[in-house]
Structure formats: structure tokens, C-alpha cells
Amino acid sequence: MTPRNPQLNWHGELIHLLSIEGLPREIVTHILDTAAQFVSVGDREVKKVPLLRGKSVFNLFFENSTRTRTTFEIAATRLSADVINLDIGRSSTAKGESLLDTIANLSAMAADLFVVRHGESGAPYLIAQHVAPHVHVVNAGDGRHAHPTQALLDMYTIRHYKRDFSRLTVAIVGDVLHSRVARSDIHALTTLGCPEVRVVGPKTLVPPDLAAMGVRVCHSLEEGLRDCDVVIMLRLQNERMSGALLPSSQEYFKSYGLTPEKLALARPDAIVMHPGPINRGVEIDSAVADGDRSVILPQVTFGIAVRMAVMGIVAGNEA
Amino acid sequence: MTPRNPQLNWHGELIHLLSIEGLPREIVTHILDTAAQFVSVGDREVKKVPLLRGKSVFNLFFENSTRTRTTFEIAATRLSADVINLDIGRSSTAKGESLLDTIANLSAMAADLFVVRHGESGAPYLIAQHVAPHVHVVNAGDGRHAHPTQALLDMYTIRHYKRDFSRLTVAIVGDVLHSRVARSDIHALTTLGCPEVRVVGPKTLVPPDLAAMGVRVCHSLEEGLRDCDVVIMLRLQNERMSGALLPSSQEYFKSYGLTPEKLALARPDAIVMHPGPINRGVEIDSAVADGDRSVILPQVTFGIAVRMAVMGIVAGNEA
Amino acid sequence: MTPRNPQLNWHGELIHLLSIEGLPREIVTHILDTAAQFVSVGDREVKKVPLLRGKSVFNLFFENSTRTRTTFEIAATRLSADVINLDIGRSSTAKGESLLDTIANLSAMAADLFVVRHGESGAPYLIAQHVAPHVHVVNAGDGRHAHPTQALLDMYTIRHYKRDFSRLTVAIVGDVLHSRVARSDIHALTTLGCPEVRVVGPKTLVPPDLAAMGVRVCHSLEEGLRDCDVVIMLRLQNERMSGALLPSSQEYFKSYGLTPEKLALARPDAIVMHPGPINRGVEIDSAVADGDRSVILPQVTFGIAVRMAVMGIVAGNEA
């Protein structure tokens, strides 16, 4: 039995989290179940558990993201780990050292877990292939490829509010083409048995061949939202707005921005999600972002628990 | 009984420290008394108390100040809190996210305490109005408005050396107009019953209407220093020196720089204070800064204890 | 008995680590013996010892070096110390504050240990002369002068693989002239009784007067490597490569780059060391760097233990 999936060991246990694609449903469910136990840690007087005490977690952010780095730092700290933040832009990598030499050096410092954000798709895989057996890798976003912890916290949020995936209709709205969040969410929803996933946006950002991922492509927001249970809004990157792919942010908002009127097409109990940071008045109206259907801030809270669960699980399994 | 003061809860307890203005004298005294208990922690073999164990303190420095941030980081660490330093200039705020969205997101990560330095006056008030009841805000300097922990450590230092405020003459020398330290010190001295506060400097930096704050305005350093017990020198900002408000730093030093000769006009046991970092030869002569009347370094030591006291007190009170 | 050496107290105990030059052999050996006890900490489930619990370690990197700073941060964390990283480039020093004022202020915050990297030779000595008796200084590299913890980890590595220094031939290859690592290694090898130290490189980087340090100067790599037991390759700084001192990196590699063929001239059990980060194809061939004679990654692992030993020893001795 060859473990083709580099995320799993010979016993089928999770040793790295690189992508949702290829993860067995039981593992996704196990992460969500474990996260449920950690959600309450944030409400305690002493917000810590000793699970990773004395372990060294390295935050390797080759691409800057203060927010995501902070969530991992908090999650690791609440597991009692020691966290080292590496400002990679200023480190030896800038002196011409290769990615693998940097990793080999940090591993030799007795690292236990690397949290990796990288601008190039696949970088966390490359790292996972080269680390020593006692070292674990968690992908915190690589290129346009994957953002698995975001997808897991999205699944946690959906499960929290909707209980069951088997009858849900979920719409993912915006720049699906360039979004690692969208890709990971689609894989996660499919894995968990969600029967209908819609991707919604203009043809430049939601090309017809996305249908090959098993989703329904909608170029009209009205069509995409009708009777859906969950709306996942994507952040419109600034570089797209000023580029050739879109006319202007006002035009975009007119067609694809989520307003209370548009949201009325969804089910009355539909929830609205967003990975943040939100662009008010571009992809989402403030009345929706701050409204009673928005679960954007609970997503952030659940995100800490989900990252605690992922780090706790991988660090507990030997390669 | 409506608590108009956003710093206090319905029981009149401190829940945020935003400004000295409006703080009851008992609360100022309570902070100083609590700090006195923490001063000895710095001399211990293990410099820690478990008061904030498992709490998350976020250093939100929208305006860079390594020194002040470091004092809060040390204070929080000695209270056993977990400290997250946010490099705001590089974070989502730079991506166009609003201040309140940033705060809402960080609060959702189960933050307990925000230490906020911001270039705009009032930003910590705005934040305090929008955080959840379990979250506390400490102002680490906002615009030209207030720097309450600096004023509290100044009061601690004065009380340490002079015991009683009721007979003191205190001179604050320099750019009083633009100084949040001066404003906070004036409020603190008035609150603690100091009978004479003098503000000393050229008319461009100490305009006559400052007298409305209940202080005596002096445009001559000699007049300002005569028979005073405490001299608080302010840092002359570089941008003022090269601007239209002042002729040159040499000229300034000639008129308002504190030399041993000028200091001889004060009482023989007068102490000299400065919030740091000092500009030697601009606002203060090295012979004074390093002399036996200088308490500039004890101010730094007391500053850690005062910040421990503030964080410990606010975190212990529910909104 | 006057303790001329500022690194030692009146009992001859180590209170600062500033330079290998002038350190008694027993102290060097004591550091290596202590490090041996810490090497196993990196393999433990909980990688921590409580030796510096509650102590405040300040990383003062006036010259940026993410890698070296990280090794000290990990070492201090594994000793249970609280670590404060100071981004000096952005701090008050940039506002014109003097080095000694910065140090005096940080000392007043009840610092226990300063780890100092500075571009100017001698800066850590200057700091050590001015700190309070309870504060300790460790030099993490100053100008072209010294890098004592690198030399100590190099000695640890050599002792680990070769046991005894008394019969060894060690070749140090590259830009010896500008290298603080080379200077510190030469002093350490001499102190430990190594009978033959060779320095190898072109005349521009290895001038003949280096012989005054008690080493053998070789301008041919073949001559330098013949029958040696240990090869220490130095990193070729980019600024040298583009400068007048060297023709080109290709030319340099042809004459002084370490290839398997060149290494065959050394003893069959010779080890290859490098302080990192390596320039593959400039000073060292990948086949050597990744080969079975390379101990470059063990150096990194031992470096953590050696830094733990140094910090633990100095912090335990009073001035």
C-alpha cells in the first residue's frame, strides 16, 4: 500500500496539511471535530492547553500576510508552543540562499512545524518532501493553488450554522479563477458531500471550464444566489480592479456586489461568509457585511480553533 | 448614574486607559499604588507574576515606536500574558481595511487587551467604543492628544522622590503645544493636587492660551525654573527644529536648553525628568542628563511597573 | 590581581562573551562541555529547560541577520527566557539617540542579557563596559572583528567529529581578510592547541601578513587542503565578488571553490564546514555541500546548544 498522498503517513494519518484535494472525508471531519473542542479555549480565563509545550513552530511567510500569520501565531501560542516569526524578505533567502537550504537550516535548529505562506503554487509540497520525519508542514496559502486552513474554517462555520452538508446549496462569488480560497472551498465542499456548489462571477473571472471541477458556473449573481443556503464572497484583489479583467470597482459592485436586495434571493436563513479583509462597497455592501446574516467574524473565531486542531493533529503523528 | 467616562464601568472601575483627563484621583492613586508592588518584580530572580497568564495582549502600533512598544511588551510578558506585535503598516490596513474592521477581526481572535499607538487623536476612544465587553484598550499615545501611561510613570517618579504633590512646583519645558506628554502630565498633576504647574518655552511652542489649562505660562526658562521642585524636559521633535517655528537647534539650546547653570535656579533638591529619547545639546546638556539630579533612567524602570499596573487593573474589571 | 579581560569577573568567571581572543582554554572547554549537555534538549518531547525562566534577553541586531538572530531566539526560548527582538533600524537610534543611551534605557527596563550584532568592530565591548553589573553581553558578530559563538560552535563540531585538537590540521578557505568568523576560529583553534591552522585564498583576501596570527598562509587550494582533517569554507560576500578584489565568481570557483576532486587531497575522513548561508557553485560545489563529508547542518544544530551554553553560563555569574 503506497501512500501516494504526501499529507498522510503509512497509517493514513495526517502529517502535513498541504491541500484539501485528496484528503479523505474522515480526516476533514476529524479536524472539524477536534476544532470543536478548541473553540471553548478562547473563552477560558487561561486560554491555553499544553498540547505543543516545548515545540518550535516557525512561521515562514515568504508572502506577507499579517492577518493570517497572526492567526497561526495565536493558535500555536494557545497550544503552548514557542513561535518564531521569520521575516523571510529580509533573511538569507534575500542573500540568494535557496528555499530548500533555508528549510534544511531551520530544520537543523530542531523545528517541529513549519507554517508556510508562499507566492508560488506547490512550495509547501516541495518543503514537505524534504523535511526530516519529525517535521510537519502546514500550508498557509500557496500561489493560486490552495489555502486549506481557510477552507477548513469555512467548513467549520457552515457546519456550525447548517449542521449537515448533504442538502446544501453553496454559492462562491467573485474572482474564482485567481482564488486559492475558492479552489480549496470547492474541494472541501465536494469532499463533505455538498450536492450543489455554484461559482458566480463575470466570464473573465469565472471561465466556463471551471465546470470541470464539478461546480455550476453562473455569470449572473441573481441566478447564483437563488435559493442558496450559504454565500461565500471572495475578496476582489486591487490588482484585478485596475487591470484589464474588470471595467471598474463601481461596475463590479453593480453586477456582483452583495446587497440586501440581492441577498433576498437566497433562502431566508442563508448565511454570508467572506475570508476577509472585506472591501466595503466593492464586493459587499456594508448593510450585508454588518447584517444579521453575516458570519464573517465568527469565521475568524473558528479559524483560531481550526488552526489549533490542524497543528495539534499533524504534530501528534509521526511520518 | 450614567458613566459618561468611557474609561470606567458602572461601578466606577477602570476598564480602559484612554486619557488622564477625567480620571478620578482615587483611580490615579490606585494605579500608582499597584505599580509600587510591581517595581520589585524587576529585581526578582524570576521576573514574572501570573496575573495575565493565558491572556492575549495585542500591540497595535499604527505609528512606529520601538521603545514604547518594547516597554509594553516587557510589562505584558512579566504579567505572563501572550503578546502579539502587529506591524500595522504592513497589514490589512494597508490593503484599505478600516480601523474598525481591523479591530473587529482581532477581537474575534479572542483578544483581551489592545495597546494602541495611533497618529490621530482619539483613535483609542473610537476603538474602545466598538470592542466587545471583555476587551480592554490602553492608549500608548494618540496624535497630540494624550499619552496617559507616560504621565502615570512621571507621577510615579515624582511621588517616589517627592512623596507629596500638595506643595510642589513643576516646570514643563519645551514644545508644550505639540506634546501629548505635556497635556497628559498637566492633567495628572492637576488631578493629584499639584498647586503650581508652569509651562515654559518660546511663544511659537507655548502660546499664551495654554493658561486656560490652569497652568502658568513662562517664556523665559529662568523664570520657569526658579524655585521649582521638578523639571520635566520635553523632547524637541526634529521636524520642529528644521521648521518655521524655531530658528535653529543651537538657538533653541541657548534659550531653553537645560544646563547646570540654569538648573541652579531651581531648588537644590529639584529632580530632572525627560520622556526620552533625549537630544543631547538640544533640549538638555549632557552634564544635566547624566548628573545626580537626573531621574531619567529611573523613569524607564518605573514605566515598566506602571504599565504592568495599568494592564493588570483594566484586565481585571468587566465592562 | 586585576582582571584585564572585560569578559571575566574577579573570580575569572565568564560574565560577557565578546571575543575568543583572551579567553582561557578552561573557559572555552567549559562552554563546549556545557553545550554537550544541551544538545539532547533539541530531541526531547518538551524542548525546554528552566535555567533562564523569567529572565529578559534582548536581541539587539544593529546589523540585520535573521538567521543568527533566530538561533539566539531559539536558544533563549529553550532556556525559558523571555526574548525581546529589537528592530534597531526603526528604533530611537534612528532618531539620533546614541548607542549608549539606547543601552542605558534598555538596561533600565531590567534586561538580563543583550545579544548584540553590530556593523562596527568593538561595539559589544563598548556596551559591556557601560552596563550595570547584573547585565550580560554576548557578541553575535561585530564588524570584521569577532563572531565568538560561531567559533565556539565550530569548535564543538570539530571536537564532536575529531575528539582531540592536538594532532589536527585545519584549513580555513576564502575571504579570511574580511571574515570575523575566520579571526575567531583562528583564536579558538590556537587556544585549544590545534598545531596547524592554514588560511587559504588569493593574495587580495589572504595577505601574507596574516602569518602573524600564527597560521600558515597558502595561496593554492591544493597546497592548503593536502592531508588536512578539517576544511572550514568561508562565505564569499557578494560585495567582494563584484568588487576589484576578485575577477568573477566563476574565476573564484575555478581556483578556490571546493569540489569533490579538490577535497580528495584532504585526509579520507576530513570534514567540511561552512558558517552558512552557502553560495553553491561559488565557494562550494553542491556535491560537497550535500555530500557525506559535509557537517554543515550538524553545525546548525550544535549552534543552538552552544548558544544555550553561553547564555546559561554568563547569566549565572555576577560581575
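Just so you know, all these numbers are worked out from the coordinates, no wet-lab data involved. All of these numbers come straight from a predicted model, not from anything done at the bench. Note: ideal-geometry Cβ built from the backbone for every residue, glycine included; neighbour counts use all protein chains shown.
How would you order A:261-273, C:125-137 from highest to lowest mean count of nearby Cβ atoms within 10 Å?
Details: A:261-273: 16.7, C:125-137: 18.7.
The packing order, highest mean first, is C:125-137, A:261-273.
Return one quarter of the surface area of the convex hull spanned by the alpha-carbon atoms of segment C:93-157, equal to its mean projected area, in nm².
Spelled out: convex hull of the Cα atoms, projected over all directions, averaged, 5.0 nm².
How large is the Kirkwood hydrodynamic radius of the protein assembly as shown, counting all unique pairs of alpha carbons, in Å?
After inverting the pairwise mean of 1/r, the radius is 30.7 Å.
Tally Lys and Arg at +1 and Asp and Glu at -1 over the other residues with C-beta under 14 Å from the C-beta of B:His11: what net charge comes out? Each step should come with its number before you reach the end.
Values: positive: none; negative: B:Glu13, B:Glu26, B:Glu318.
Here the charged neighbours net out to -3.
What shape does segment C:40-191 have by the C-alpha gyration tensor, where a ≥ b ≥ c are the square roots of the eigenvalues, rounded means a/c under 1.5, and otherwise prolate means a/b greater than b/c and oblate the rest?
The shape class here is oblate.
Based on the alpha-carbon gyration tensor of segment A:157-197, what equivalent-ellipsoid semi-axes (square roots of 5 times the eigenvalues) come out, in whole Å, largest first?
Details: eigenvalues 71, 19, 17 Å².
Taking √(5λ) for each eigenvalue gives 19, 10, 9 Å, largest first.
Please give every one of the lysines within straight-line cross-link reach of C:Lys48, meaning a C-alpha to C-alpha distance under 20 Å, and leave out same-chain neighbours fewer than 8 residues apart.
The reachable lysines, counting only those whose Cα sits under 20 Å from C:Lys48, are A:Lys48, A:Lys55, B:Lys47, B:Lys48.
Evaluate peptide A:103-116: per residue, the Cβ atoms of other protein chains within 10 Å of its Cβ; return the mean as an integer.
Rounded to a whole number, the mean comes out at 5.
Convex hull over the alpha-carbon atoms of segment C:111-241: what's its volume per residue in Å³?
Hull volume over Cα atoms, normalised by residue count, gives 123 Å³.
Which of the helices in chain A meet the span-like rule: DSSP H, Cα axial reach of 15 Å or more, Kyte-Doolittle mean at least -0.5?
Membrane-span-like by this criterion, though nothing is claimed about a membrane: A:25-39, A:180-191, A:296-315.
With N set to the residue count of segment B:217-276, report its C-alpha Rg divided by 2.2 N^0.38 Å to two decimal places.
1.18
Could you give each residue of segment A:219-231 its phi-based ³J(HN,Hα) in whole Hz, using Karplus coefficients 6.51, -1.76, 1.60 with θ = phi - 60°, and x for Gly or Pro?
So the Karplus estimates, Gly and Pro as x, are 9, 10, 5, 4, 4, x, 8, 3, 6, 8, 9, 9, 10 Hz.
Partner chain Cβ atoms within 10 Å, averaged over the residues of B:63-73 - can you pull that number for me?
For peptide B:63-73, the averaged partner shielding equals 5.
Determine the distance separating the Cα centre of segment A:8-43 from the Cα centre of segment B:155-192; give it in Å without decimals.
So the two Cα centres are separated by 57 Å.
Bin width 20 Å, alpha-carbon pairs only: give the P(r) of chain C as whole percents, running from 0 to the bin holding the largest distance.
Spelled out bin by bin, chain C gives 33, 57, 10 percent.
Which whole-number value in Å³ per residue fits the convex hull of the alpha carbons of segment C:176-319? Working shown, then result.
Numbers: hull volume 19.4 nm³, N = 144.
With only Cα atoms used, segment C:176-319 gives 135 Å³ per residue.
Taking the Kirkwood radius as the inverse of the mean 1/r across Cα pairs, report the Rg/Rh of segment C:262-319.
1.18
Taking amide H positions as placed 1.01 Å from N in the peptide plane, with prolines and chain starts having none, which residues 5 or more places from B:Asp290, or on another chain, fall under 5 Å of its amide H?
Under 5 Å from the amide H of B:Asp290 lies no amide H from a residue far enough along the sequence or on another chain.
So in the protein assembly as shown, what percent of DSSP beta bridges are antiparallel if you round to the nearest 5?
5
Under a point spin-label approximation (7 Å from Cα along Cα-to-Cβ), what is the C:Asp227-A:Lys48 distance to one decimal in nm?
5.8
List the aspartates and glutamates whose alpha-carbon lies under 17 Å from that of C:Lys262, not counting same-chain residues fewer than 8 positions away?
Here the aspartates and glutamates satisfying the reach criterion relative to C:Lys262 are C:Glu222, C:Glu223, C:Asp227, C:Asp229, C:Glu251, C:Glu283, C:Asp285, C:Asp290, C:Asp292.
Taking a quarter of the surface of the convex hull around the Cα atoms of segment C:2-60, what do you get in nm²?
Mean orientational projected area (segment C:2-60, Cα hull): 5.7 nm².
Quick one: check the C-alpha center-to-center distance for segment A:230-282 versus segment C:104-153, whole angstrom.
Their Cα centres are 54 Å away from one another.
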